[in-house]
Amino acid sequence: MPVKHPKVAVLLAAHNGMQWIEEQLSSILGQSVVDVNVHISIDPSTDGTEAWCAAYAAQHPCVVVLPAAGSFGGASRNFFRLIRDLDLDGYDFVAFADQDDVWHENKLQRATRAIQTRQVDAYSSNVTAFWPNGRTHLLDKAQSQVSWDFLFEAAGPGCTYVLNKELAEALKASILANWQELQNVGLHDWYCYAFARSHGHRWYIDPAPSMDYRQHESNQVGANTGLSPLISRYKIIHDGWWFNQVRLITRLVGMGAEPFVQAWLPLRRWQLMTLSFSAWKCRRRVRDKVFFFCVCWAVALIGNKAK
């Protein structure tokens, strides 16, 4: 009897990806000890991505290009469409993929094995960021999870996420039920992590990197290294986007009635000061806990544009 490998649906969101997508697809189709089908959703592109993907799919029966569905305007909406439209029958796991990375050959093997042996529902991992000049940097997102981190951050890069079928089905149901409001969620990986943790699903963050995370000027969310990204993050918070996302995701995953959340959710001055003293259970990394504390006080004293 042949050994039955786990069957994985890989969801790939593409947009103007001609420079990188062939290398990425090769790394996905070269995964060891799993059976893979790739489902591609393409945001209208100007570099021939649609035609190239159609030709590639014609030569690779395990690659499917979804019908055009208009402009998404960002990866988050594109991934929500992929999850919504995926037929989960026959799959054991669902994985997310960006168009421009390079997966290690054992990425899915390691992820599916971890989900099974650790008896968890989802997996993510560290990644190795790399730049055109040859520079590399390990992005460490594998600090211990804390009580409320899921309302304030993702479980690392969404392109490392692998979900078991039970979680994928529950996530799909939530997307169908909240489709219109989810169009305002800017980071699908944050929402998916928040949904999983808030609904009692267990998540493992692997300290070993599972892929090479390409850095270029078109990254929607790139590597968070150095001082410049911290300044950019503060500007996003001051502009009100981040706190608005916290409010929206908290409500969509049904956490608004929790006593801890009710104590700060209005996000007025005193609530932010109170929230700052819970930084240790709102972010995983020590640096981010300190940044969170400082941001809460800065916004409480200076204000932001959140509505």
| remark: Sequence order, region 160-167: Karplus ³J(HN,Hα) from phi using 6.51 cos²θ - 1.76 cosθ + 1.60, θ = phi - 60°, Hz rounded, Gly and Pro as x, gives 9, 5, 9, 10, 6, 5, 4, 5
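Rank the residues Asp212, Asp140, Asp288 as a footprinting-exposure proxy: fewest other Cβ atoms within 10 Å of their Cβ go first. Kindly include the intermediate steps, with their values, before the conclusion.
Numbers: Asp212 17, Asp140 14, Asp288 20.
Fewest to most other Cβ atoms nearby, the residues stand as Asp140, Asp212, Asp288.
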| task | Per DSSP H run of n ≥ 4, the term is -39500 (n - 2.57); total these for the chain, divide by its residue number, and report the mean residue ellipticity at 222 nm rounded to 500 deg cm²/dmol. | result | -12000 deg cm²/dmol
| task | Go through region 198-207 residue by residue and turn each phi into a ³J(HN,Hα) via Karplus (6.51, -1.76, 1.60, θ = phi - 60°); whole Hz please, and just put x for glycine and proline. | result | 5, 10, x, 7, 8, 10, 10, 10, 7, x
| Can you list residues whose amide H is under 5 Å from Tyr161's amide H, if they're 5+ apart or on another chain and H is modeled 1.01 Å from N? | Phe96
| query | Among residues other than Ala168 whose Cβ falls under 10 Å from its Cβ, what is the net charge (Lys/Arg +1, Asp/Glu -1)? | reply | -2
| remark: Footprinting proxy, Leu138, Leu171: sorted fewest to most Cβ within 10 Å, the residues are Leu138, Leu171
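Which net charge results for the neighbourhood of Pro6, defined as the other residues with beta-carbon distances under 9 angstrom from its beta-carbon, given Lys and Arg at +1 and Asp and Glu at -1?
Its environment carries a net charge of +1.
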| request: Go through region 171-185 residue by residue and turn each phi into a ³J(HN,Hα) via Karplus (6.51, -1.76, 1.60, θ = phi - 60°); whole Hz please, and just put x for glycine and proline. | output: 5, 4, 4, 5, 5, 5, 6, 10, 3, 5, 5, 5, 5, 9, 7
| C-alpha long axis of helix 286-302 to longest principal axis of the chain, angle in ° | 50 degrees
| task | Name the residue farthest towards the positive end of the dipole of region 7-214 from the options Thr117, Trp20, Leu138, assuming +1 on Cβ of Lys and Arg, -1 on Cβ of Asp and Glu, about the Cα centre. | result | Thr117
| request: Would you mind checking which residues have amide H under 5 Å from Met211's amide H? H placed 1.01 Å from N; only 5 or more apart, or other chain. | output: His104, Thr128
| Which Rg and Dmax, in Å, describe the Cα atoms of the chain? | 19.3, 68
| field | Built amide H within the under 5 Å cut-off of Asp206, gap 5+ | value | Ser124, Ser125, Asn126
| Most exposed first by the Cβ proxy, i.e. fewest other Cβ within 10 Å, how do Thr160, Thr128, Thr250, Thr46 rank? | Thr46, Thr128, Thr250, Thr160
| request: Once you've got the Cα coordinates, tell me which of Lys107/Lys172; Lys7/Lys281; Lys7/Lys289; Lys7/Lys141 are over 31 Å apart. | output: Lys7/Lys281; Lys7/Lys289
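None of the figures in this text is laboratory data; all of them are computed from the coordinates on show. As the structure is a computational prediction, the values presented were derived from the model and not from experiment. Cβ: placed from backbone, ideal geometry, glycine included. Neighbour counts: every protein chain shown.
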